[in-house]
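**Student:** Got a structure here, written out as structure tokens. Questions coming.
The values are calculated or read from the model by the stated rules, or taken from the named source; none is laboratory data. All values reported here derive from a predicted model rather than from experimental measurement. Ideal geometry is used to build each Cβ from the backbone, glycine not excepted, and the neighbour counts take in all protein chains shown. Note: areas computed on protein heavy atoms with side chains; ligands, DNA, RNA excluded. Shrake-Rupley method; radii C 1.70, N 1.55, O 1.52, S 1.80 Å.
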Amino acid sequence: MTGFAPTDRVLVSPVYLAGPGNSTVVTRPLHAAGWAEARTPAGRMFSSPCLRAQIADLPDGWTISYAREPLAVPDWTAHFTRDTPAEIVSAFTTTLVRGLPDDHRDHRPGGPHHTLASPGDVLTVRGWRDDLGPLFRYQHAPDGHAYLRLNLGEADHTELEGEVCAAWTLYTRVEAAGGPRWYADFTSRTPLHLIAATADAFSRPDPVRRKARDLPERHLPFLTIRSAAARTQTHAARATARSSASVVSVARTPAHLRLANPTRSRR
């Protein structure tokens, strides 16, 4: 990649082509919420304090499951393959973590966060196009490299066992059909607000941070890349300007007012 050293930090978009990134984006909120972590030969396992939700970090990716009772048979599962950008996985897991204490009641009808917007509605607002077939409904990004697929067939228990296509699938690819891709599957009982939060992160235009060496080579022609250092310098310059303005303001404050309010004078 011209213009950047392998260790340079860069800002890239779209996020769905940015590569997996740093897994701590996913795990840090879990630890902060008191989830237990266990390391096994297969990978890392995270359990919620209520033991109803489990997250497995395995060689093939992230698998999330939820059951109505602790450690029971899952009601629904979600799976993100290994190359899924961490920001997209985190959108799902962080929303799950926040909703567990009240079993997502705030997102149900009548709750303060309930919305009628579906995952597809989130994408439509951002200009994604529809393609309806006999078995699936597709929505695809304007660049043609990211997709949401909705399975129009009836779901049954075999869905949890992976014997049929999941109800919802997010995926991306830059080659023709059958080429390398990452994908995320959600079974039919997965709460829609979790999938909608994931679709929002999936389609958001904001750039994400990566090291130049971590960008997937096959995605480079389709990425917008700029230096993260320039953005950091701009933020630093703005902070310095605000600090200088504050100093000037204090310096021009009459002495008798500063003495009358010693707390403000120490700022």
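**Student:** Just need a number here: residues in region 63-85 that are outside any strand (DSSP E or B) and under 24 Å from Thr24 (Cβ atoms).
**Tutor:** 4
**Student:** Collect the residues in region 11-56 that are β-branched (Val, Ile, Thr) and closer than 30 Å to His145 by Cα, keeping them in residue-number order.
**Tutor:** Those that are β-branched (Val, Ile, Thr) and closer than 30 Å to His145 by Cα: Val12, Val15, Thr24, Val25, Val26, Thr27, Ile55.
Residue-wise test of (1) among the charged types (D, E, K, R); (2) open to solvent by 40 Å² or more (accessible area, probe 1.4 Å).
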| position | (1), (2) |
| --- | --- |
| Gly3 | no, yes |
| Arg9 | yes, yes |
| Ser13 | no, no |
| Cys50 | no, yes |
| Ala56 | no, no |
| Ile64 | no, no |
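**Student:** Here's another thing I want to ask about it. For Gly127, all conditions in the list (1) modelled with pLDDT of 90 or more; (2) surrounded by 11 or more Cβ atoms within 10 Å (Cβ to Cβ); (3) more than 18 Å from the chain's Cα centre (by Cα) hold save one; what is the number of the exception?
**Tutor:** Just one mismatch for Gly127, condition (2).
**Student:** Let me ask something additional. May I ask you to verify whether Thr93 is closer than 15 Å to Leu192 by Cα, open to solvent by 50 Å² or more (accessible area, probe 1.4 Å) and not aromatic (Phe, Trp, Tyr)?
**Tutor:** no
**Student:** Could you list all residues from region 62-76 that are in contact (Cβ under 8 Å) with a residue 24 or more places away in the chain and not aliphatic (A, V, I, L, M)?
**Tutor:** Trp62, Tyr66, Pro74, Asp75, Trp76 - these are the residues of region 62-76 that are in contact (Cβ under 8 Å) with a residue 24 or more places away in the chain and not aliphatic (A, V, I, L, M).
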